[in-house]
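Below: the structure, in structure tokens.
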Amino acid sequence: MESQKFDDSRLNNWLSLGFRLGIAVCLALVIIGLIMLLSLPGAKDIQPLVRLDQIPAATVISVGILILLLTPIIQVILSIVLFSKTRNRLFIGISVAVFCLAAVSLVLALV
Amino acid sequence: MLLWRTTLLNELSLGLNLWALGGTGLVAGLLGSALGVGGGFILVPILTLALHLPIHVAIGSSLVAIVANSCTAAGIYTKAKLANIKLGLLLETTTIPGAVIGGLVVAFIAPSILSALFGLVLLYVAYTMVGRRYLVSEDVLSADNSVAPDNTTDSLSGSLANSYYDRNLGRVVAYKVSRVPTGLGAGFFAGILSSLLGIGGGTIKVPVMNLVMGLPMKAAIATSTFMIAITTTVGALIYHYHGYIYPFIVAPLVIGVVIGAILGTELAKRAGGILLRRIFGVFLFLVALLMFLKTANVI
């Protein structure tokens, strides 16, 4: 029981760190991108959106969003690694299943 | 594609501003993280009806905002040991296939009939959530489970048992998870409905975890938040791939949502389980109302 509690605690700590790190990096890039947008001449409103694909600010924000979207997937991979370290076969299997199901549903939706 | 984007955004830029988007995100983040439901129920109507975004852009932006919301809240809830990670991963094994099947059968089911049926189910669940009998049981649940829940660590139920420090009660609350097969079935059902109706699965998962599986309300909310982060990511990546995610629309939403989620999780951590249940019950009544309005083509 104590060993399980220790494992659960370590799992929570690592996943919490992963989530917070993902959000922090995303937020930093999104804020930098918005500052870049607002510092453009004549960009007091969102009018520069018409040049979306040519604005570097859009690329910076897009990278931040992509990091955000990959964060939960990385957490599932992190769970697999952490369960592997404690040799918890049941939850290694469950985590691998979740990862595969997410990947398959993504592929199914894109093809 | 570029021409389409340019034309669309020319129209959009007339009615949008950063503050409106940021404010919308803040409200959605606050309510979504405090109740464990994501926040799409607020985002999509506001983005389409008030800010006049095309529905695909609104849904895509909403999905990204929900991921930001659930990741922020999950980071806080997992640190506070409120989220039951093992249970969340286990329930995801049926929720994701449910969402895929829902996406495949969506063309064969009349959405209006489905909305009406779902509205009726929500009304019943809402009544159950605020009903006196269950409000008492939430109180008893918190008191009775303050001892070690299960010593059979080799069983699935035993390994799903968890505990956390409840700031509102001022002590550690330990609990065990019961009726796991029912929970897995409900997860599958939640996945189907989330695809068919465009709602977050939290509306179903939170009551099921709380009323059926025996999780305290706070643990149910936190676990649902962790699950939403995984489930919604797949949908958001699909919208991203199809070009429906616009950086300058999503950016203020994300900032607002993250601030709202930090406030919402703090609210949930400090509030009592019974208060959270009452608020969740009212929320379900409102979603049921929205479902009936949708059936009647009012919205």
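The values are calculated or read from the model by the stated rules, or taken from the named source; none is laboratory data. Just so it is clear, the structure is predicted and the values come from calculations on it, not from any experiment. Cβ coordinates were reconstructed from backbone atoms using ideal geometry, including for glycine residues, and neighbour counts include every protein chain displayed.
Applying the selection to region B:222-248, what residues are aliphatic (A, V, I, L, M) and at the interface with another protein chain (Cβ under 8 Å from one of its Cβ atoms)?
Within region B:222-248, B:ALA229, B:ILE230, B:VAL234, B:ALA236, B:LEU237, B:ILE238, B:ILE245 meet the criteria.
With A:GLY18, A:GLY64, A:GLY22 as the choices, which residue is at the interface with chain B (Cβ under 7 Å from one of its Cβ atoms) and either within 22 Å of B:SER70 (Cβ to Cβ) or modelled with pLDDT of 90 or more (or both)?
None of the other options fit; the residue is A:GLY22.
Look through B:ALA116, B:ALA186 and report the one residue that is at pLDDT 85 or above and either more than 14 Å from chain A (Cβ to nearest Cβ) or assigned to a helix (DSSP H, G or I) (or both).
Sole residue among the options that is at pLDDT 85 or above and either more than 14 Å from chain A (Cβ to nearest Cβ) or assigned to a helix (DSSP H, G or I) (or both): B:ALA186.
Restricting the search to region B:252-268, which residues are closer than 27 Å to B:ALA174 by Cα and crowded, with 20+ Cβ neighbours inside 10 Å?
Within region B:252-268, B:ALA261, B:GLY264, B:THR265, B:ALA268 meet the criteria.
For region B:96-110, give me each residue that is in contact (Cβ under 8 Å) with a residue 40 or more places away in the chain and within 9 Å of chain A (Cβ to nearest Cβ).
If the condition is that a residue be in contact (Cβ under 8 Å) with a residue 40 or more places away in the chain and within 9 Å of chain A (Cβ to nearest Cβ), then B:ILE96, B:PRO97, B:ALA99, B:VAL100, B:GLY103 are the ones that fit.
Among the residues of region B:170-203, which ones are of a type in the set (A, V, I, L, M, F, W, C) and more than 21 Å from B:LYS269 (Cα to Cα)?
If the condition is that a residue be of a type in the set (A, V, I, L, M, F, W, C) and more than 21 Å from B:LYS269 (Cα to Cα), then B:VAL180, B:LEU184, B:ALA186, B:PHE188, B:PHE189, B:ALA190, B:ILE192, B:LEU193, B:LEU196, B:LEU197, B:ILE199 are the ones that fit.
Of the numbered conditions (1) more than 21 Å from B:ALA126 (Cβ to Cβ); (2) touching a residue at least 40 places away in the same chain (Cβ under 8 Å), B:LEU237 fails exactly one; give the number of that condition.
(2)
Among the residues in region B:82-97, are any more than 30 Å from B:LEU156 (Cβ to Cβ) and surrounded by 20 or more Cβ atoms within 10 Å (Cβ to Cβ)?
No, region B:82-97 has no match at all.
So that you can scan it fast, the table gives a plain yes or no per residue for (1) of a type in the set (Gly, Ala, Ser); (2) under 17 Å from the mean Cα position of the chain (by Cα); (3) assigned to a loop (DSSP other than H, G, I, E, B):
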site	(1), (2), (3)
B:LEU63	no, yes, no
B:THR78	no, yes, no
B:LYS81	no, no, yes
B:VAL100	no, no, no
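Would you confirm, using the coordinates I've provided, whether B:GLY29 is of a type outside the set (Lys, Arg), surrounded by 22 or more Cβ atoms within 10 Å (Cβ to Cβ), touching a residue at least 60 places away in the same chain (Cβ under 8 Å) and on the phi > 0 side of the Ramachandran plot?
No, not satisfied.
Determine which single condition B:LEU87 fails, assuming it passes every other condition in (1) away from every other protein chain (no Cβ under 14 Å); (2) assigned to a helix (DSSP H, G or I).
If we test B:LEU87 against (1) away from every other protein chain (no Cβ under 14 Å); (2) assigned to a helix (DSSP H, G or I), just (1) comes out false.
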